[in-house]
Protein chains: 2
Amino acid sequence: MSSTLASLVNHQVRLAARPTGRTGPENWQFTEEPVAEPADGGVLVKTLALSLDPAMRGWLNDAKSYIPPVGIGEVMRAGGIGRVIASKHAGFAVGDIVTGGPGVQEYASYTPEQVKRSGLTKIDLRYGSVTQWLNVLGMPGMTGYFGLLEVGEPKPGETVVVSGAAGAVGQTVGQLAKLKGCRAVGIAGGPEKCEWVVKELGFDACIDYKAGSVKDGLKEHCPKGVDVYFDNVGGEILDAVLARITRHARIVICGAISQYNNEGGVVQGPKNYLSLLVNRARMQGMVVFDYADRYGVAIAEMAGYLKAGTMKSKEDVVDGGIAVFPQTLNKLFDGENFGKLVLKVADE
Amino acid sequence: MSSTLASLVNHQVRLAARPTGRTGPENWQFTEEPVAEPADGGVLVKTLALSLDPAMRGWLNDAKSYIPPVGIGEVMRAGGIGRVIASKHAGFAVGDIVTGGPGVQEYASYTPEQVKRSGLTKIDLRYGSVTQWLNVLGMPGMTGYFGLLEVGEPKPGETVVVSGAAGAVGQTVGQLAKLKGCRAVGIAGGPEKCEWVVKELGFDACIDYKAGSVKDGLKEHCPKGVDVYFDNVGGEILDAVLARITRHARIVICGAISQYNNEGGVVQGPKNYLSLLVNRARMQGMVVFDYADRYGVAIAEMAGYLKAGTMKSKEDVVDGGIAVFPQTLNKLFDGENFGKLVLKVADE
């Protein structure tokens, strides 16, 4: 073992207990371990930045979902970007910048099987920065891209509404909608976010759900109704949009952040769902992993927009390393993040 | 004016007041009018039988829907079958049996414009009886046919679940599912209906929602999960099915009879709708009128099944004429009807 690795300590955040509502300090355990040389075919990665996502809350519930829950005592699951610091894998060399699922820890040692399973991939920082690779070129960008284009199927001239518009997925969806010739209307919390969504990202309008009635906002800004709704929030906002959809509208169910911390996991169902019947409309769920074999195509398209300046990318980067993971995660559920929430773990 | 027509009196049921929950005698007004000779290009039809449908409850609400509400003081809207007793229209002769929208009255005088708008059509009783023309060859049959095949898109070997299985639409859906090579599982109220659905209609199983847990029934009878759910009822049953759908499942939203009489029109939203996300599934509404230009194809196919004996048709025919319309309508919401509910108005 090299002397440099032997001196390193890996700090980790593990799931200590399942939360019932909101997560608190009692749900997390901080541990440390020595950093070990990777096994044959393995790779050791130093975590640079972690992606903090609403979906993380779902992974804490002991329920059947699209992915197994994080086990008690396990390192918390997280996507992120890192730098290879030791490699016994022919495909990776020391210094490579990689994206994968390191988890909430400072160093991730991938076995050959984990390299495969986590989809560990080299990335090219000429296409975008580390934080952009966690945003429009990463999972949120892929989610917005495939969710809007493949499930929402927007046609030029249609009105696309997206909730969580200042969030990671929302910013991609609205900007893509504009690039595809649609009217883009966001829903976000607070005047600062709404102003940014319109002035910086070029949405046609943004409804501040904290300031007034979403129903009235939709009436004003979607005079011809809503053809595509990309839902990240669920709850009352989903119901307000259901009441304004057009015939043959498409609703993309991507998430429901307003519902994830409900006690007992009880979700508020959309009481206006019969609008689907009246309008011959559909509501369809999506999970980004299904499109993994086409990420390359989407990344190339999105990198082109970034380079041309026709797409902007905003990240809310929190410093402080994994020690501040618990409170940083809750920023998502308080709507405090402004852009894609990224936890910086180490300098490049 | 011919002397025979002059002696006829048309009894009618009109909407007196909008109901808030369940309809009662206070919502209806009985009126009578002389029967008039049809105008040039018009047709006078004697009502033989009326179709009583859950959708009728929706037509009484003063709300935007796929069809305008019935106005206060107007003859209650209803589809039905009648015999032409006077015609000044080149396309119809005295004695023709026709299907259209006569409303809840004994005689319907169609202006030329109404002939067109109501889709008044001659039917051939060699294909099926008057009541079958209101059932599998009529709106319920068309609803089941296009809803299942076009929206549900069942594939051979898949499991299709339908609620209201002993009702007009439900019986068509389950029998068609079997004919298309699927496993058909019904949900109905009471052992008699369930036994009939399995023994007479050939469903693979039927869950009695009054006898026990629909959740357990689905677990037992849909061991591989639910690929297509045709929903006529909404409420708790929709939620139970959502918890058992397979990846890429399709839910057809055709109606929500459990919710139509709720006070204030408040509907219980499906709290398990996020199962659509986990399972990349879709929920889609349908209205049968959209398929009107293809009814002919569907009727030919269904008449073939009837003739071959591979499809059965059960009607619950109530005698008593339009005088018993109010209480007969409520049979639907009490789940008392067994098969398609038909109100007989006159002998052929």
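Have a look at the DSSP beta bridges in the protein assembly as shown and tell me what percent are antiparallel, nearest 5.
Percent antiparallel among DSSP bridges in the protein assembly as shown is about 55.
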For chain A, the dipole about the Cα centre with charges only on Cβ (Lys and Arg +1, Asp and Glu -1), to the nearest 20 debye, works out at 1020
Need the list of aspartates and glutamates near residue A:88 for cross-linking: C-alpha distance under 18 angstrom, and skip anything on the same chain fewer than eight residues off.
A:37, A:40, A:96, A:113
With an 8 Å cut-off on Cα pairs and a minimum separation of 6 or more residues, tell me the relative contact order of chain A in percent.
18
Considering only the label points, 7 Å along Cα→Cβ from Cα, what distances in nm to one decimal separate residue B:200 from the same position in each other copy, shortest first?
6.7
Are there cysteines in the protein assembly as shown with no second cysteine's Cβ under 4.7 Å away, and if so, which?
A:182, A:222, A:254, B:182, B:222, B:254
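List the GluC sites (Glu not before Pro) within the stretch A:1-110 that fall in a DSSP loop (any state other than H, G, I, E or B) and whose Cβ has at most 16 other Cβ atoms within 10 Å.
Listed in order of number, the matching sites are A:74.
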Ranked output for segments B:283-289, A:155-161 by mean other Cβ atoms within 10 Å, highest leading, reads B:283-289, A:155-161
Ordered by number, the trypsin sites (Lys or Arg not before Pro) in the stretch B:19-116 that occupy a DSSP loop and have at most 12 other Cβ atoms within 10 Å are B:64
Overall form of the stretch B:139-289 per C-alpha gyration tensor (a/c, 1.5; a/b vs b/c)
rounded
Cβ charges +1 (Lys, Arg) and -1 (Asp, Glu), total dipole of the stretch B:241-348, debye:
840
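Which value, in nm² and rounded to one decimal, describes the direction-averaged projected area of the C-alpha convex hull of the protein assembly as shown? Please report the intermediate quantities before stating the final value.
Values: hull surface 134.4 nm².
So the Cα hull casts an average projection of 33.6 nm².
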Proximal lysines to residue B:219, defined as alpha-carbon separation beneath 18 angstrom and excluding residues fewer than eight positions away on the same chain
A:64, B:210
Where the only charges are on Cβ atoms (+1 Lys, Arg; -1 Asp, Glu), what is the dipole of the protein assembly as shown about its Cα centre, to the nearest 20 debye?
920
Any idea what the relative contact order of the stretch B:139-289 is, in percent, if you count C-alpha pairs under 8 Å spaced at least 6 apart?
22
Taking the 0 to 90 degree range and rounding to the nearest ten, how far is the long axis of helix B:295-308 tilted relative to the main principal axis of chain B, both from C-alpha atoms?
70
Enter the mean number of other protein chain beta carbons within 10 Å of the beta carbon of each residue in A:283-291, as an integer.
5
Can you give the local net charge around residue B:9? Use residues other than it whose beta-carbon is closer than 10 angstrom to its beta-carbon, Lys and Arg +1, Asp and Glu -1.
-3
To the nearest 500 deg cm²/dmol, what mean residue ellipticity at 222 nm is calculated for chain A from DSSP H runs of n ≥ 4 alone, each contributing -39,500 (n - 2.57), summed and divided by the residues?
-7000 deg cm²/dmol
Go through the stretch A:125-132 residue by residue and turn each phi into a ³J(HN,Hα) via Karplus (6.51, -1.76, 1.60, θ = phi - 60°); whole Hz please, and just put x for glycine and proline.
6, 6, 6, x, 6, 3, 6, 5
Taking Cα atoms only, helix B:168-179 is inclined relative to the longest principal axis of chain B by an angle, in degrees rounded to 10, of 50
So which chymotrypsin sites (Phe, Trp or Tyr not before Pro) in the stretch B:68-128 pass both tests, a DSSP loop state and at most 16 other Cβ atoms within 10 Å of the Cβ?
B:127
Other chains' Cβ within 10 Å of A:244-257 residues: what's the mean?
2
Name the residue farthest towards the positive end of the dipole of chain A from the options A:335, A:251, A:198, assuming +1 on Cβ of Lys and Arg, -1 on Cβ of Asp and Glu, about the Cα centre.
A:251
Charge-dipole axis of the protein assembly as shown as Lys and Arg at +1 and Asp and Glu at -1 on Cβ define it, positive-most pick from B:214, B:276, A:20
B:276
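Every read-out reported here was derived from the displayed coordinates using simple, explicitly stated rules and does not represent laboratory data. Since the structure is predicted, the reported quantities are computational estimates derived from the model, not experimental observations. Note that each Cβ is placed from the backbone with ideal geometry, even for glycine, and that neighbours are counted across all protein chains shown.
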